[in-house]
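Input: a single structure, listed below in structure tokens.
Computed from the coordinates by the stated procedures, all read-outs in this text should not be read as laboratory data. This structure is a prediction, so every number in the text was calculated from the model and none was measured. Heads up, the Cβs are rebuilt from the backbone with ideal geometry, glycines too, and the neighbour counts pull from every protein chain shown.
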Amino acid sequence: MKKVSLAIVIFLLGFAVNKSQAQCDTIANICAKHIIASYISDGQQYRSLLLNSEETAEFHTTFFGETTYRIAACSGTTDGNLVFNIYDQDRHLLFSNRNQKNAPYWDFKVKSTLETIIEAQLDANKNPGSGCAVILIGFKQK
């Protein structure tokens, strides 16, 4: 009996993981519309499953000097559900889309190479429940 129960639990866990992976794939595809033709994707999809607006996803990346970037941030099938903040290594806030009505992307130019931390949270005011947070980064070719 324990073997049957364990098999059911493993099956359900596998199903849940597969479903959340599919949800993240869909959101990444929707988010990719913000990385327009003048930007080249860095080839990565920064993803995290957030169970509620209290959780924060954290991603680390390097932005290279004299480069123009676009960061796109999405959760769900509509824009504006995800709040993202960009910090330098000393945790000084460089940008927050909260001040921009949760804009789904931000364009900026970096003067010198910079190690950053990107944090993402579901917007509690939008009541998204849970969801996959996806961050995409594109850069303009010189």
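For this structure, a couple of remarks:
- Scanning segment 30-78 for residues that are in a strand (DSSP E or B) and either without any contact (Cβ under 8 Å) to a residue 40 or more places away in the chain or at positive phi (or both) returns a single hit, GLY43.
- When residues of segment 95-123 are limited to those that are crowded, with 17+ Cβ neighbours inside 10 Å and either β-branched (Val, Ile, Thr) or over 17 Å from the mean Cα position of the chain (by Cα) (or both), the one farthest from SER53 (Cα to Cα): VAL110
- Qualifying residue in segment 79-94 (condition: in contact with a strand residue (DSSP E or B) (Cβ under 7 Å, 6 or more places away or on another chain), free of Cβ contacts under 8 Å to residues at least 60 places away in the same chain, in a loop (DSSP other than H, G, I, E, B) and under 19 Å from ASN29 (Cα atoms)): yes
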